[in-house]
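*Asks:* Got a structure for you, written out below as structure tokens; questions coming shortly.
The values are calculated or read from the model by the stated rules, or taken from the named source; none is laboratory data. This one's a predicted model, so the numbers in the text were calculated from it and none came from an experiment. As a convention, Cβ positions derive from the backbone with ideal geometry for all residues, glycine included, and neighbour counts pool all protein chains shown. For the accessible areas, the whole protein counts, side chains as well, though only heavy atoms, and no ligand, DNA or RNA atoms are used. Shrake-Rupley method; radii C 1.70, N 1.55, O 1.52, S 1.80 Å.
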Amino acid sequence: MATDSVDPELATRLQELGREPGGSVKVEEIAEVVEAILTTMQGDLSAVDVRLYEELESLSRFISEAKSDIAALRPDEVKDEFLPKAADELDAIVEATAEATNSIMDAVGEIEEVMSKLKGKNSERLMDATTKIYEACGFQDITGQRITKVVGALQHIEEKVDALLNAFGDEIAKYKAANPKTEEAPVEEVIPADEDLLHGPQKKEAAMSQADIDALLNSFD
Amino acid sequence: MAVDLNMNVLIVDDYQTMLRILRNLLRQLNFKNIDEASDGSEALKKLRAKAFGLIISDWNMEPMTGIQLLREVRADEKLKHIPFVMITAESKSENVIAAKEAGVSNYIVKPFNAETLKGKLISVLGEF
């Protein structure tokens, strides 16, 4: 379509959109432009024009359906409710495990005090046991680091959802007004099987073992 | 030469729990003088204020990470001789290579046990 045959108002709007900072245009603005193009196509239409008309009409329908589908997912709730809640829950896990680990180590400290008054095998056995407890307490450090990474990933998702909400403009608010929230049935709690809880903190397929690291370090010698 | 178990050992980690675990494990290995820092910059201040015989540091810390601390230590004439053991969950080969190139003495991947810690310290310091 030659530029000089385009409606001047539409041409101005297209130029404005081309100058939008950040390279993103609101979905409703795209729909508005497609509608405008459809409206300006009048008079004798060639076969190419008809084909273009059909494509644009199909694009218009697609945008409209996509808007409804995405609005129905309620990205505003994801951003304002679910993501902050998930981050808070994860922070609470780190806090609770740190507290529990410190309580365990306080108790071990008391055992060590008693141990220092013992002699022989009993003292050695207690020493071995307390060492194992200290080693096991390392889980808190690793889970803490991993959870911090997950919280970072959630923040990234939050930014993306925020960008999506901006692109949709008032579409979400319109959907909310048209579809007031109904009382949801309580979700039945799923209790994980024991075997699902047995996964260790280190994903073996993604991490190097101590033996791998030793071999790598030795390769420098 | 026997290892001086009275030497000052600096442990560096931003997780209080890990500092406590390391302190207790080192105490069980008979190290008497253990000092702590919660990141690389605090560690550097302590290293410049007192003589240390060993540094055991985490990698992931803010504002100064373990690898930055290692580079600072190796670039400092007065500190560069101190054995430096990195203890970290960062077990990717590029991290290990970066640490080796920066002059790490040994590298322990989390989770670790007392036996691994002792073995690595022996390889760095000698039998004790």
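*Asks:* Kindly establish whether residue B:123 is small (Gly, Ala, Ser), at the interface with chain A (Cβ under 10 Å from one of its Cβ atoms) and part of a loop (DSSP other than H, G, I, E, B).
*Replies:* It is false that residue B:123 is small (Gly, Ala, Ser), at the interface with chain A (Cβ under 10 Å from one of its Cβ atoms) and part of a loop (DSSP other than H, G, I, E, B).
*Asks:* Residues of segment A:82-106 being within 14 Å of chain B (Cβ to nearest Cβ), surrounded by 12 or more Cβ atoms within 10 Å (Cβ to Cβ) and over 28 Å from residue A:126 (Cβ atoms), which ones?
*Replies:* A:93, A:94
*Asks:* Could you check segment B:20-107 for strands (runs of 3 or more DSSP E) lying wholly inside it with 3 or more residues that are within 14 Å of chain A (Cβ to nearest Cβ)? It would help to see each step written out before you state the result.
*Replies:* Numbers: elements: B:33-37, B:54-57, B:84-88.
Here the list reads B:84-88.
*Asks:* Does residue A:89 satisfy being closer than 24 Å to residue A:128 by Cβ and without any contact (Cβ under 8 Å) to a residue 40 or more places away in the chain? Walk me through how you get there before you give the answer.
*Replies:* On the way: closer than 24 Å to residue A:128 by Cβ: no; without any contact (Cβ under 8 Å) to a residue 40 or more places away in the chain: yes.
No: the conditions fail for residue A:89.
*Asks:* How many residues does segment B:1-19 hold that are part of a strand (DSSP E or B), under 18 Å from residue B:110 (Cβ atoms) and open to solvent by 10 Å² or more (accessible area, probe 1.4 Å)?
*Replies:* Qualifying residue count for the region: 0.
*Asks:* Restricting attention to segment A:176-221, and to residues there that are open to solvent by less than 60 Å² (accessible area, probe 1.4 Å) and either touching a His at 6+ places or on another chain (Cβ under 9 Å) or not hydrophobic (A, V, I, L, M, F, W, C) (or both), which single residue is modelled with the highest pLDDT?
*Replies:* Top of the filtered list is A:214.
*Asks:* Scan segment A:101-142 residue by residue and report those that are in contact (Cβ under 8 Å) with a residue 24 or more places away in the chain and aliphatic (A, V, I, L, M). Steps first, please.
*Replies:* Within segment A:101-142, the subset in contact (Cβ under 8 Å) with a residue 24 or more places away in the chain is A:101, A:104-105, A:108, A:133-134, A:137, A:139-140, A:142.
The answer is A:104, A:105, A:108, A:133, A:142.
*Asks:* Another question, then. Identify the single condition in (1) surrounded by fewer than 14 Cβ atoms within 10 Å (Cβ to Cβ); (2) in contact (Cβ under 8 Å) with a residue 12 or more places away in the chain; (3) closer than 18 Å to residue A:217 by Cα that residue B:88 does not satisfy, given that it satisfies every other one.
*Replies:* Condition not satisfied by residue B:88: (1).
*Asks:* Do you know which of the residues in segment A:107-138 that are facing another protein chain (nearest Cβ under 10 Å) and among the acidic types (Asp, Glu) is most open to solvent (accessible area, probe 1.4 Å)?
*Replies:* A:128
*Asks:* Of the conditions (1) in a helix (DSSP H, G or I); (2) not assigned by TED's automatic domain parsing to the domain that holds residue A:39; (3) not aromatic (Phe, Trp, Tyr), residue A:118 clears all except one; give me its number.
*Replies:* The number of the failed condition is (1).
*Asks:* Since residue A:61 meets every condition but one in (1) exposed (fewer than 13 other Cβ atoms within 10 Å of the Cβ); (2) within 22 Å of residue A:166 (Cα to Cα); (3) within 23 Å of the chain's Cα centre (by Cα), which condition does it not meet?
*Replies:* (3)
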